[in-house]
There are 4 protein chains.
Amino acid sequence: MRLPILIINMKVYPEVLGKRALELAKVAESVSRELGVSIAVAPPVTELRLVAENVEIPVYAQSGDPVEPGARTGHVPLEFIKETGASGVILNHSENRLLLNDLGWLVNRAKSLGLETLVCAPDPFTSAAAAALEPTAVAVEPPELIGTGKAVSRERPDVIVRTVELVKRVNPSIPVITGAGIESFDDVRKAVELGTQGVLVASAIVKAKDWRQKITELANALR
Amino acid sequence: MRLPILIINMKVYPEVLGKRALELAKVAESVSRELGVSIAVAPPVTELRLVAENVEIPVYAQSGDPVEPGARTGHVPLEFIKETGASGVILNHSENRLLLNDLGWLVNRAKSLGLETLVCAPDPFTSAAAAALEPTAVAVEPPELIGTGKAVSRERPDVIVRTVELVKRVNPSIPVITGAGIESFDDVRKAVELGTQGVLVASAIVKAKDWRQKITELANALR
Amino acid sequence: MRLPILIINMKVYPEVLGKRALELAKVAESVSRELGVSIAVAPPVTELRLVAENVEIPVYAQSGDPVEPGARTGHVPLEFIKETGASGVILNHSENRLLLNDLGWLVNRAKSLGLETLVCAPDPFTSAAAAALEPTAVAVEPPELIGTGKAVSRERPDVIVRTVELVKRVNPSIPVITGAGIESFDDVRKAVELGTQGVLVASAIVKAKDWRQKITELANALR
Amino acid sequence: MRLPILIINMKVYPEVLGKRALELAKVAESVSRELGVSIAVAPPVTELRLVAENVEIPVYAQSGDPVEPGARTGHVPLEFIKETGASGVILNHSENRLLLNDLGWLVNRAKSLGLETLVCAPDPFTSAAAAALEPTAVAVEPPELIGTGKAVSRERPDVIVRTVELVKRVNPSIPVITGAGIESFDDVRKAVELGTQGVLVASAIVKAKDWRQKITELANALR
């Protein structure tokens, strides 16, 4: 994970239904090249291969299941994610929470497969717990701000500061990413000033009228 | 769903990792054409689009999530399944069980989206419950026989007979499919003789040394 | 289950914390005797034994876990419910939903243990599915009306009528109970007129200023 | 939590069905007094009040639900546990695993209610994560050894040593308890020698022919 980073979680918004996910990824790739800023995208799992095969920026799965390849129906083992060409996986997003034990298993297995892990957590204490598992990075996202347009970096700077502090205490080498409500240049700047090394953004980009403009705005704040 | 049918659940066996899933689907398509027997395939979700775009036999998702498109991370709404070109979805497989209420919601929503539904159930009573939801078909699969090579049609013919009877009582228009342990021509024949209209097969095909030979053997029993 | 019946789900409202649950059960018992109306209570599981040992009206657990006695931590097998003296269990309440397969297992096991089962369902189709499992009774409760004071019998009489119709088609011997939003004499009357044989009530009673008065009002509508 | 401690998880073994749970608790209380060793018991939730009201040693719930008192059916909020007289709660036992986020919420809420928390974890990394949440204590229990009679302290001393090391790094004030397979005086001694401050035991005691003898044997190793 090249830091600082802008990670775009496409979720399963109707705006990225089907091949629109690839279009968004292409825009992100183009802005990343133009500005030299690290940008990653997390498309819907049904489009993971399509996107991973057609862009050169890092592609993340939005989740992964705590199972090995085998007699499992409807699950997504990390091996199948890896095989699409994706380079990492988001784990424990507040919309897709994981059992602590499964999370520990997944972070460990991802490491052995060479997949990066971005573990989300809702508050400073659980972020510290996530850091103890030694993922590639931790993203703190107070769930009550997700999708609101009220940036955590503006509304609850204390949450970010405290998260950075607790994570550093557990393991100073784990970077913290800021999520929830991020939608403007200033929100991203603030997130960086508070000690985090990137942002995780969904609705502000996916639902923007002009994808390129919005991605450029946010990426510029990371230059 | 054209009956009788052979439905191949690829699960996430290592044998179908990545593009091998498409190879298996291609073999199934070829046998289906050759013999004129209805065959459907259910590939891993990461390969759903790849398979659905490249074969003309019916393609089913192995599962679907009870959510609408929107702010959901890592889920698979039925709309995203439909968009890949798949024509149906397997629900409540014993390896991916669903809440009764979610199952009711999914069957109903699939219907409104024009997706077929194959609802699995472990025994006669839950099969009858599944039939009450009015899916396209019900598959009875005693979980203790799944993946064993001990065909339910040989080992527990009473389970199948009783399932057909209870499902018919609830709604005589819902076809019953036989699953669990099916691995030979005779197993399929027996399943049909007991009143079911097809078979759901996984390991016997996926792990066969010769996919074409095994699919041909089982499909021949449905002619 | 003596019909028609008023079933009081105490949930875990602060109003029934600790021994207050027994007080409410005592009031219900007293009204039941006075009016000769069948009333059952479902206290918090921490008070199940206390209540079951001290009242003579039927006592139901609010839920049960799909496990046998053994190496399970924090679960509530049906055997442990039975042992407290409770006579039944509510299953699949919309606040405690169950996997279809587990629900089938639980209804069956409860039967073999001599425990009654009240299976909740959110709509007509899932109610029919629940009926196919042959529980003691089915309670239809549209989740969007629970706790609102907008009685399903007034707001959505069509839901009740359709539920009674579909359940009857599946198994005419399974009684239907009306839940969600019931709070007055008229609501209960209406539920009975629409073909159901009792009501499942929570907040209207638990949060009433005068428990005796409210229980009397609702029970009177079942005379 | 007075350390070192012997914590008896009764699970829901048939041996502690109904009031037998109180009998076992009484024996534990008697041994605790006799030897002056700290012993706590975790009875089935249906007997939690009965036990908590009748013994003076610490009583723990086997689990708790991440909900506040209110419109919840079949759940066990921490407030209801506290009200029975219990003094703590076991969280995230491998037979009752919790979402990381819920675990964080529960540990925090328990603290504010004055309830102790024993958080279980299957391996060193998740134990460290659990410690980051600042519970009263962490119990490391490799799930593959639970109930086997193969004591983790004998079979996998490396797991314990590594857990103590990682937990200490995260927060040196959180004690570690050893669980899984403990069944003899030597197993307990070994657990203490490896740096842990007590043991969590289930089957070895519950299924012993002579409860008093077995509890005495294990408690003696903590003197």
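The values are calculated or read from the model by the stated rules, or taken from the named source; none is laboratory data. If you're wondering where the values come from, they're calculated on a predicted model, not measured in any experiment. Heads up, the Cβs are rebuilt from the backbone with ideal geometry, glycines too, and the neighbour counts pull from every protein chain shown.
Evaluation of C:ILE146 against the conditions (1) surrounded by fewer than 22 Cβ atoms within 10 Å (Cβ to Cβ); (2) under 23 Å from B:LEU106 (Cα atoms); (3) at pLDDT below 85 shows that the sole unmet condition is (1).
Within the stretch D:157-186, residues that are more than 18 Å from A:ALA128 (Cα to Cα) sit with their Cβ atoms under 7 Å from residues that are buried (at least 24 other Cβ atoms within 10 Å of the Cβ) and acidic (Asp, Glu), at 6+ positions apart or across chains, in these pairs: D:GLY179/D:GLU141; D:ALA180/D:GLU141. Among the residues in the stretch C:39-49, are any surrounded by fewer than 24 Cβ atoms within 10 Å (Cβ to Cβ), in contact with a helix residue (DSSP H, G or I) (Cβ under 7 Å, 6 or more places away or on another chain) and either of a type outside the set (Lys, Arg) or touching a residue at least 60 places away in the same chain (Cβ under 8 Å) (or both)? Within the stretch C:39-49 (the criterion being surrounded by fewer than 24 Cβ atoms within 10 Å (Cβ to Cβ), in contact with a helix residue (DSSP H, G or I) (Cβ under 7 Å, 6 or more places away or on another chain) and either of a type outside the set (Lys, Arg) or touching a residue at least 60 places away in the same chain (Cβ under 8 Å) (or both)), the answer is no, since none of the residues qualifies.
In this entry, A:ALA21 is excluded by the filter for residues that are touching a Ser or Thr at 6+ places or on another chain (Cβ under 7 Å) and without any contact (Cβ under 8 Å) to a residue 40 or more places away in the chain. Only residues that are under 16 Å from B:TYR13 (Cβ atoms) and in contact with a strand residue (DSSP E or B) (Cβ under 6 Å, 6 or more places away or on another chain) were counted across the stretch B:183-200, and they come to 1.
Residues that are of a type outside the set (A, V, I, L, M, F, W, C), out of contact with any Asp or Glu (no Cβ under 8 Å at 6 or more places or on another chain) and over 24 Å from B:ALA61 (Cα atoms) within the stretch B:172-209 comprise B:PRO172, B:ASP186, B:ASP187, B:ARG189, B:LYS190, B:GLU193, B:GLY195, B:LYS209, listed in sequence order. When the stretch D:9-54 is filtered for residues that are within 12 Å of chain C (Cβ to nearest Cβ) and of a type in the set (Val, Ile, Thr), the ones remaining, listed by number, are D:VAL12, D:VAL16, D:VAL45, D:THR46, D:VAL51. Within the stretch B:56-68, does at least one residue satisfy the condition of being buried (at least 19 other Cβ atoms within 10 Å of the Cβ) and over 19 Å from the mean Cα position of the chain (by Cα)? Looking through the stretch B:56-68, at least one residue is buried (at least 19 other Cβ atoms within 10 Å of the Cβ) and over 19 Å from the mean Cα position of the chain (by Cα).
Residues of the stretch D:171-196 that are touching a helix residue (DSSP H, G or I) at 6+ places or on another chain (Cβ under 6 Å) and part of a helix (DSSP H, G or I): D:PHE185, D:ASP187, D:VAL188, D:LYS190, D:ALA191.
For C:SER153, indicate whether it is among the hydroxyl-bearing types (Ser, Thr, Tyr) and either surrounded by 17 or more Cβ atoms within 10 Å (Cβ to Cβ) or outside any loop (DSSP other than H, G, I, E, B) (or both). Criteria met by C:SER153.
Can you tell me which residue within the stretch B:83-106, out of those that are within 11 Å of chain A (Cβ to nearest Cβ) and of a type in the set (Asp, Glu), is farthest from C:ASP65 (Cα to Cα)?
B:GLU83
The residues of the stretch C:80-115 that are of a type in the set (Asp, Glu) and more than 19 Å from the chain's Cα centre (by Cα) amount to a single one, C:GLU83. In the condition set (1) farther than 19 Å from A:GLY74 by Cα; (2) more than 14 Å from chain C (Cβ to nearest Cβ); (3) assigned to a loop (DSSP other than H, G, I, E, B), B:GLY147 is compliant with all but (1).
The set of residues in the stretch C:197-211 being in a loop (DSSP other than H, G, I, E, B) and either of a type in the set (Phe, Trp, Tyr) or free of Cβ contacts under 8 Å to residues at least 60 places away in the same chain (or both) consists of C:ALA208, C:LYS209, C:ASP210. Under the condition of being aromatic (Phe, Trp, Tyr) and facing chain B (nearest Cβ under 7 Å), the residues counted in the stretch A:55-82 number 1. The C-beta contact set for the stretch B:112-125 (first residue within 9 Å of another protein chain (Cβ to nearest Cβ) and closer than 9 Å to B:ILE90 by Cα, second residue among the β-branched types (Val, Ile, Thr) and in a strand (DSSP E or B), distance under 9 angstrom, 6+ apart or interchain) comprises B:VAL119/B:ILE90; B:VAL119/B:VAL138; B:CYS120/B:ILE90; B:CYS120/B:VAL138; B:CYS120/B:VAL140; B:CYS120/B:ILE177.
Conditions (1) farther than 23 Å from B:VAL27 by Cβ; (2) under 17 Å from the mean Cα position of the chain (by Cα), marked per residue:
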residue	(1), (2)
B:ALA132	yes, no
B:PRO135	yes, yes
B:LYS168	yes, no
B:ILE174	yes, yes
B:ILE205	no, yes
B:ASP210	no, no
B:THR216	no, no
B:LEU222	no, yes
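Quick check: is even one residue across the stretch B:18-41 in a loop (DSSP other than H, G, I, E, B), at pLDDT 95 or above and farther than 24 Å from B:ILE174 by Cα? No, because not a single residue in the stretch B:18-41 is in a loop (DSSP other than H, G, I, E, B), at pLDDT 95 or above and farther than 24 Å from B:ILE174 by Cα.
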